[in-house]
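Structure first, then comments.
The values are calculated or read from the model by the stated rules, or taken from the named source; none is laboratory data. In this text, all values refer to a predicted model and were calculated from it rather than measured experimentally. Backbone-built Cβ (ideal geometry, glycine too); neighbour counts: all protein chains shown.
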């Protein structure tokens, strides 16, 4: 029987389009963040540990919120994604943004010994998605090369207030991922969807397109991938202070491997998230409706669990 899987929460982002640290913003009268709901759903689904990837610049504020409310509820580990966590030759004093989600994933190699899922801090994935992912990870041999991704329809993930980027998933007839292509500046225009290519041209994209919302499931064998690719990225972008290394780059390396496969999981969960400040009202209303329909208790953290807290810098 596998150990309970861990949940990794990517919370080191700067929130530039949102206008602040959206991972710490609250969306209910009780002071709940989106992260609270992800952790609540994860505990119910069978996850046994939470790993926060954060930055030391907001460490105190972050711990003030989460270490207190999660005490005695689930084990917590902190990992710090800092700009100097790269070879010295690639440290740029002008850079302020983290190196991206792919870099964050690679930082976990010495921390993760069990199967794990990884998610964004600012996305609300839904109860069913966590149940499906947890069940799949528990049933997967931790020494295997069988990974997972949670699928969502593009039409259910687009903001009403500006463009978004999404990873378009190509899936084979057996339900395995063939690759992820980053699509940028996706917008809803009346009843259709368009994206921009590298030349700025508008191209239609089907609303039923399967996209990644950065909800992945891995075994510890995943750390065999991505290291050389990240070094290539650093070399190519050492003068680009905004370039980021994303998980889909690592995933595309995985799917071209002869021994690894990524299963595309599906659920009927409702996804919503905040890219722009204007998205907040919709998220507040959606969460309020879930509480009013008793999908969540008024006070999330009334239940008691067991926890320990660790820090890894």
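General observations
- Every listed requirement among (1) loosely packed, with under 15 Cβ neighbours inside 10 Å; (2) out of contact with any strand residue (DSSP E or B) (no Cβ under 8 Å at 6 or more places or on another chain) is met by residue 110 save one, (2).
- For segment 51-71, the condition of being farther than 24 Å from residue 277 by Cβ, modelled with pLDDT of 95 or more and within 16 Å of the chain's Cα centre (by Cα) holds for at least one residue.
- Residue count for segment 150-168, restricted to those that are closer than 20 Å to residue 265 by Cα and in contact with a helix residue (DSSP H, G or I) (Cβ under 9 Å, 6 or more places away or on another chain): 5
Matching residues to (1) free of Cβ contacts under 8 Å to residues at least 60 places away in the same chain; (2) in contact with a strand residue (DSSP E or B) (Cβ under 6 Å, 6 or more places away or on another chain); (3) within 30 Å of residue 297 (Cα to Cα); (4) crowded, with 17+ Cβ neighbours inside 10 Å:
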position: 92; (1), (2), (3), (4): no, no, no, no
position: 100; (1), (2), (3), (4): no, no, no, yes
position: 128; (1), (2), (3), (4): no, no, yes, no
position: 134; (1), (2), (3), (4): no, no, yes, yes
position: 143; (1), (2), (3), (4): no, no, no, no
position: 147; (1), (2), (3), (4): no, yes, no, yes
position: 158; (1), (2), (3), (4): yes, yes, yes, yes
position: 167; (1), (2), (3), (4): no, yes, no, yes
position: 172; (1), (2), (3), (4): yes, yes, no, no
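- Among (1) within 30 Å of residue 136 (Cα to Cα); (2) in a helix (DSSP H, G or I), the one test that residue 235 misses: (1)
- Some residue of segment 193-207 being closer than 30 Å to residue 107 by Cβ and modelled with pLDDT under 95: yes
- One residue stands out in segment 272-297 among those that are over 16 Å from residue 24 (Cα atoms) and touching a helix residue (DSSP H, G or I) at 6+ places or on another chain (Cβ under 6 Å): the one that is modelled with the highest pLDDT, namely 296.
- Test: residue in segment 272-290 that is touching a residue at least 24 places away in the same chain (Cβ under 8 Å), assigned to a loop (DSSP other than H, G, I, E, B) and under 21 Å from residue 180 (Cβ atoms): yes
Listed here are the residues, each with its yes/no results for (1) under 20 Å from residue 164 (Cβ atoms); (2) in contact with a strand residue (DSSP E or B) (Cβ under 6 Å, 6 or more places away or on another chain); (3) modelled with pLDDT under 90; (4) surrounded by 21 or more Cβ atoms within 10 Å (Cβ to Cβ).
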{"residue": "3", "(1), (2), (3), (4)": "no, no, yes, no"}
{"residue": "7", "(1), (2), (3), (4)": "no, yes, no, yes"}
{"residue": "12", "(1), (2), (3), (4)": "yes, yes, no, yes"}
{"residue": "20", "(1), (2), (3), (4)": "yes, no, yes, no"}
{"residue": "25", "(1), (2), (3), (4)": "yes, no, no, no"}
{"residue": "29", "(1), (2), (3), (4)": "no, no, no, no"}
{"residue": "33", "(1), (2), (3), (4)": "no, no, no, yes"}
{"residue": "42", "(1), (2), (3), (4)": "no, yes, no, yes"}
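- Odd one out for residue 35, checked against (1) over 18 Å from the mean Cα position of the chain (by Cα); (2) in contact (Cβ under 8 Å) with a residue 24 or more places away in the chain: (1)
- Given (1) surrounded by fewer than 14 Cβ atoms within 10 Å (Cβ to Cβ); (2) in contact (Cβ under 8 Å) with a residue 60 or more places away in the chain, number of the condition residue 88 does not satisfy: (2)
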